[in-house]
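The values are calculated or read from the model by the stated rules, or taken from the named source; none is laboratory data. What you see is a predicted model, and the numbers here were worked out from it, not measured in a lab. Quick reminder, even Gly has a Cβ in these numbers, built from the backbone with ideal geometry, and neighbours come from all protein chains shown.
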Ligand SMILES: [Cu+2]
């Protein structure tokens, strides 16, 4: 079949046809716009390149400042310790007096055993905030803002469905507040600042089971948490199989302005922003359960309720020499979402996790954050199964 080209859309259009086409001004406008677009894109590309160069320069400077940070660990040759710029940060990791071992033995460990939940429908919780100097490692003092008993604050245990009645008393020098992650409440109504010498109360119904962080939420929150204003609340599910042993661990890190030996250290904001912790701890004191292990009998169901208070670094929870029978990641206690037979589970800053283990063979089983810098900085303890002798570090 023969095809006759269309006089205006076919391939046989003449140059005269094109020149006289009513669409020619349209093409001119499109060409002009395309030209402008190319120019704009070229300028944008130039801008991105300049930004990238600035970012690369900043990254180089940051890397240089980290690499030039001296390290004061006694007995460690860190090579060059030249402090080449005012931005360099000084680490006090591992600082220890000569009698550190004796101090570690003498230290009274934070009670990790889960206390009993109160009977009845209402759980009353009284938190008193004080400015207090605490020990965070053998011979290392820190000027903390902490709830009564130090850092972490008291372990709170309630049963799912109980009404929790919180009273916060501020016996410190500046405003503070308390934010319970287990609560579904309007933060602007109940998490507000409490002036020195004042108290505030509020209630929430503990309907969500798990283990949750509580902390001061006053600005700068990073500083208030890092100074010790945190703790754990266990909301025990109504239908959880009972454990033989229940232990609560609150992981956190410390950013020190000095080594804390001759006088108490205080908070260092640049190091906190760089996440350059000096010490990392379970329940506020480096390695305290190495010298004073937690205990269990062979075959016990041992349940760890773990909160990571941060303020900024996660905990990769692991028990050396065993595997978690059951893990409740993020403290979600829904049985269908539990994990079984897993080795290491992250607990995020501001989050929790619950871990069940059953260990038959007597021995010393370290529990750690398997992000191993944390172990060197103190986030390690021992579970002594079967009352075996001796100690170890891992
Ligand atoms: Cu505070």
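Going through the range 151-170 one residue at a time, which ones are in a loop (DSSP other than H, G, I, E, B) and within 12 Å of the ligand (Cβ to nearest atom)? I'd like the intermediate steps shown before the answer.
Step one: filter the range 151-170 for residues in a loop (DSSP other than H, G, I, E, B), giving 151-155, 160-162.
Passing the criteria: 151, 153.
A single entry from 164, 211 fulfils the requirement of being in contact (Cβ under 8 Å) with a residue 24 or more places away in the chain, touching a helix residue (DSSP H, G or I) at 6+ places or on another chain (Cβ under 6 Å) and crowded, with 19+ Cβ neighbours inside 10 Å: 211.
Looking at 234, 221, can you tell me which residue is under 17 Å from residue 330 (Cβ atoms) and touching a residue at least 40 places away in the same chain (Cβ under 8 Å)? Give the derivation first.
Working: 221 fails: under 17 Å from residue 330 (Cβ atoms).
Exactly one of 234, 221 is under 17 Å from residue 330 (Cβ atoms) and touching a residue at least 40 places away in the same chain (Cβ under 8 Å), namely 234.
Return the only residue of 335, 362 being more than 23 Å from the chain's Cα centre (by Cα), more than 17 Å from residue 308 (Cα to Cα), surrounded by fewer than 17 Cβ atoms within 10 Å (Cβ to Cβ) and without any contact (Cβ under 8 Å) to a residue 24 or more places away in the chain. Result of the check over 335, 362: 335. If I filter the range 278-296 for residues that are more than 29 Å from residue 388 (Cα to Cα) and buried (at least 19 other Cβ atoms within 10 Å of the Cβ), do I get at least one hit? Yes; the residues of the range 278-296 include at least one that is more than 29 Å from residue 388 (Cα to Cα) and buried (at least 19 other Cβ atoms within 10 Å of the Cβ).
Residue by residue, here is whether (1) modelled with pLDDT under 95; (2) farther than 19 Å from residue 308 by Cβ; (3) assigned to a loop (DSSP other than H, G, I, E, B); (4) within 16 Å of the ligand (Cβ to nearest atom) holds:
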site	(1), (2), (3), (4)
117	no, yes, yes, no
120	no, yes, yes, no
127	no, yes, no, yes
136	no, no, no, no
144	no, no, no, yes
174	no, yes, yes, yes
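Taken as a whole, the range 345-359 holds no residue that is on the phi > 0 side of the Ramachandran plot and without any contact (Cβ under 8 Å) to a residue 24 or more places away in the chain.
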